[in-house]
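Worksheet: one structure, shown below.
The values are calculated or read from the model by the stated rules, or taken from the named source; none is laboratory data. This one's a predicted model, so the numbers in the text were calculated from it and none came from an experiment. In this analysis, Cβ positions are derived from the backbone assuming ideal geometry, glycine residues included, and neighbour counts consider all displayed protein chains. Areas reflect the complete protein model, heavy atoms only, side chains present, ligands, DNA and RNA absent. Shrake-Rupley method; radii C 1.70, N 1.55, O 1.52, S 1.80 Å.
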Amino acid sequence: MKVLNFGSLNLDYVYSVDHFVRPGETLSAVSQALNPGGKGLNQSIALARAGAQASHAGCIGAGGEMLKQLLADNGVDTTWLPTVEALQGNAVIQVNRDGENCILLFGGSNQCVTEEQVARTLDAFEAGDWLVLQNEINNLPLIVDTAYAKGLRIALNPSPYDDRLKDVDFGKLSWLLVNEVEAGQISGSEEPEEAWSLLHARYPALSVLITLGGDGSVAHRVEGGEVETVRQAAFPVKAVDTTAAGDTFTGYFISGLMEGLPLETCMRRASKASSISVTRPGAAPSIPLRAEVDAALA
Ligand code: RIB
C-alpha cells in the first residue's frame, strides 16, 4: 500500500521576532533562516520518517531544486514533481518568543498544477492507496474527484481554509484533519463536539480528527457505520517553534492508519512526534525520526 501526497513545497523565510509586527510598525528580527517547508513537503517528510512508502506530487519552481532533493534524501519518491516556469512557492514566517508563528504564503509554483498532471499522476496509483492533501495547491476539487473515482482513500487537511474549499466534495474524503478553528469554519460550530456532530450528520462516512492545541486531539473514526472515538492528551513541552507541528501529526497519524495500528496508538504516536517537533526550530528540519518517537514513548 502506497501513499501519495499531492501538495505544496515552500521555501520558508523565517524571522525570529520579539513580537509579531504590528500595522505600521518596522521591527528588527533577532535572527533569520531559510528552511525547507510547505504543508505538503512537511507531511511527506513526516510520512517517510514515520516509515511509510511515500510519493510527493506537485511542482518545483525557480529556486526550489533543494526541496526535491530533500524529499529524495528522506526516501520520498519524487517521480511526480515536474519543474515549472514560476517562482518556487514560499512563506514568510515570524516566530515569536513563545514559539508561536504567523505565516504569509506566496503560492508561486504550488499554483501551477495542471489537469494533465493530475490525470498522469493519479494513473500510477490504485484502489486502496492513500492520498494526502492540503489546501496550498490549485486543482484540489479535480484531484479529489479523480482519486475518489479510482478508489483511493483521501485524507484532507484543509489548511489554509479559504473559499476555494467550497468546490471540494467532502463526502468523497475518508479523513478530514482539522484544528478547532477549521472545524468551526467548515461545520459552523467552534465547539469541537458539536462540530463533529454537524460534520457527521452532513457526511456520515467521513472520519474526523480535530487537534485542540494544548488540549490534545480527538479522533472519530467511522467504519461500517460504527463510530470509534479516541481522545489523546497533549504531551507537555517547552515550545521553541510550533511550525509544522500539525504537519508532523498528520504524517505520523496517516502512517499509523496505513499500518493498521489501533486508533489509540496512531493518536499517541502522532501526538508524541508533534510534541518533539515543536521543541526544535524550522518546519521540515524539526520532524523527528520514527526511532526517536518510539524511544520517547517506550
Ligand atoms: O504548516 C507549516 C507550513 O505552512 C510552513 O512550512 C509554511 O511553508 C506553510 O506552508
*In a GNM of the chain with a 10 Å cut-off on Cα contacts, which of SER207, SER255, SER28 has the highest mean-square fluctuation?*
SER28
*For the chain, modelled as a Gaussian network with Cα springs under 10 Å, which listed residue fluctuates most, GLN94, GLN32, GLN43?*
GLN32
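By its C-alpha gyration tensor, with a ≥ b ≥ c as the square roots of the eigenvalues, how is segment 98-206 shaped: rounded for a/c under 1.5, else prolate for a/b larger than b/c, else oblate?
Working: a/c = 2.19, a/b = 1.22, b/c = 1.79.
Cα axes put segment 98-206 in the oblate bin.
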_Counting only helical runs of four or more DSSP H residues, what would the 222 nm mean residue ellipticity of the chain come to if each run contributes -39,500 (n - 2.57) and the total is spread over all its residues?_
-9500 deg cm²/dmol
*asked:* Tell me the per residue accessible area of segment 229-290 using a 1.4 Å probe; a whole number in Å² is fine.
replied: 36
_DSSP-defined antiparallel bridges as percent of all bridges, the chain, nearest 5_ = 45
*When a/c is below 1.5 the answer is rounded, else prolate if a/b is larger than b/c, else oblate, so apply that to segment 197-298 with a ≥ b ≥ c taken from the square roots of the Cα gyration tensor eigenvalues.*
prolate
_Within straight-line cross-link reach of LYS172, lysines at Cα separation under 26 Å, skipping those fewer than 8 residues along the same chain_ = LYS2, LYS39, LYS150
*Once you have a ≥ b ≥ c as the square roots of the Cα gyration tensor eigenvalues for the chain, tell me rounded if a/c is under 1.5, and otherwise prolate or oblate according to whether a/b is larger than b/c.*
rounded
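Accessible area per residue, 1.4 Å probe, Å², for segment 46-128: what's the number? Mind showing how you got there, number by number?
Numbers: 3800 Å² over 83 residues.
Heavy-atom SASA per residue in segment 46-128 reads 46 Å².
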*Quick one: of the DSSP bridges fully inside segment 96-232, what percent are antiparallel, nearest 5?*
50
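Scan segment 96-155 for GluC sites (Glu not before Pro) in coil per DSSP, keeping those whose Cβ has at most 16 other Cβ atoms within 10 Å, and list them by number. Don't jump to the answer; show the numbers that get you there.
Details: sites: GLU100, GLU115, GLU116, GLU126, GLU136; in loops: GLU100, GLU126, GLU136.
When the GluC sites (Glu not before Pro) of segment 96-155 are filtered for loop state and at most 16 Cβ neighbours within 10 Å, GLU100, GLU126 remain.
Could you check what % of the DSSP bridge pairs in segment 1-137 are antiparallel, to the nearest 5?
Details: 13 of 30 bridges.
About 45 percent, rounded to the nearest 5.
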_Ignoring ligands, DNA and RNA, please state the percent of accessible area on the chain from carbon and sulfur, probe 1.4 Å._
52
